[in-house]
Amino acid sequence: AGDPQYVFDWQSALPDAVAFVNANFFSRDHTALGVLVSDGVRFGQTFHVTGGTFLVENGIPSIRSNRVRPHLELTVEQAVEGYPLLVEDGQSIHYSSNRRMSRRTVIAQDVDGNILLIVSSLIGLSLTDLSQYLPTTDMNIVYALNMDGGGSTMMTVNSLNYTIRSFDPVPAVLAVYKR
C-alpha cells in the first residue's frame, strides 16, 4: 500500500518476470482490494462474491468463481481477486446496463488449462460486450476474470518487447516467470 508503480518501475523491480499485467482493484491509498496472496502470505479479504480469483495452488494455476468456491485454502501460493467474472464454464455470465467502454485487463483460462493474459489497449469495451465476445473467439475460454482496468491497464511481454503503459501507477501486478 502507498507505493504504486508505473510499468517501467515494475520492470525494474521484477527483472526476471517474462510478462506481467496489473492485478487487483485498489483503494485511494493504493491498498489492493480483495484477496492478494504473494508467496503464501495472504492480504485482504474477499470483496465481491460474484467475482473470481486467479490462483496458483500446488504449483497449478487456475481461475475459479468466488460464488462456487468463496474461500481460499491454506495451500494457495499466489492469488489475485478480480470482479466481475466474465465467463464461466465457457459461457458469458456478466450483464450490466452500464455500457461504459474502457481499457480492460482480463485473466482467462482455456480448455487445456492455459492461462491467458488479455488487455485492450485503446478505447476498450464494456464489461458486458467483453463477456459476450470472449466465448465466441477461437481461444476456447472456459473462465475469464476482469481485473482493474481503465487507467490501470498495463502489460509487458519481454520476449516480444511489447509494453502497454498504464496511465496510473498500480500497487500490485500479476507477474509470470519461467519454470
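The values are calculated or read from the model by the stated rules, or taken from the named source; none is laboratory data. Since the structure is predicted, the reported quantities are computational estimates derived from the model, not experimental observations. Every residue, glycine among them, receives a Cβ derived from its backbone with ideal geometry; neighbour counts consider all protein chains shown. Ligands, DNA and RNA are excluded from the accessible area calculation, which covers all protein heavy atoms including side chains. Shrake-Rupley method; radii C 1.70, N 1.55, O 1.52, S 1.80 Å.
Over all other residues within a Cβ to Cβ distance under 15 Å of S126, the charged ones net out to +3, with Lys and Arg as +1 and Asp and Glu as -1. Counting only the Cα atoms, the stretch 30-82 fills a convex hull of 68 Å³ per residue. Extending 7 Å from Cα along the Cβ direction at M139 and again at S27 yields two label points whose distance is 3.1 nm.
The candidates I63, I115, I123, arranged from most to least accessible area with a 1.4 Å probe in the full protein assembly, appear as I123, I115, I63. Oblate is the label for the stretch 123-179. Its Cα gyration tensor axes, ordered a ≥ b ≥ c, give a/c of at least 1.5 and b/c at or above a/b. Computed about its Cα centre, the charge dipole of the stretch 1-97 is approximately 320 debye, with only Lys, Arg, Asp and Glu carrying charge at their Cβ. Among the trypsin sites (Lys or Arg not before Pro) in the stretch 96-169, those located in a DSSP loop and surrounded by at most 14 other Cβ atoms within 10 Å of their own Cβ are R99, R100, R165.
In whole percent, what relative contact order does the stretch 1-130 give with Cα contacts below 8 Å and a gap of six or more residues?
Numbers: 217 pairs, mean separation 24.6, N = 130.
Relative contact order here is 19 percent.
By its C-alpha gyration tensor, with a ≥ b ≥ c as the square roots of the eigenvalues, how is the chain shaped: rounded for a/c under 1.5, else prolate for a/b larger than b/c, else oblate? Intermediate values should be presented prior to the final figure.
Working: a/c = 1.27, a/b = 1.11, b/c = 1.15.
It comes out rounded by the Cα gyration axes.
In the chain, the calculated helix contribution to ellipticity at 222 nm averages -2000 deg cm²/dmol per residue, counting -39,500 (n - 2.57) for every DSSP H run with n ≥ 4. Starting from one equal scatterer on each C-alpha and no solvent at all, send me the Debye-based log10 I(q)/I(0) for the stretch 87-155 at q = 0.15, 0.16, 0.17, 0.29 Å⁻¹, two decimals. Log10 I(q)/I(0), no solvent term: -0.43, -0.49, -0.55, -1.35.
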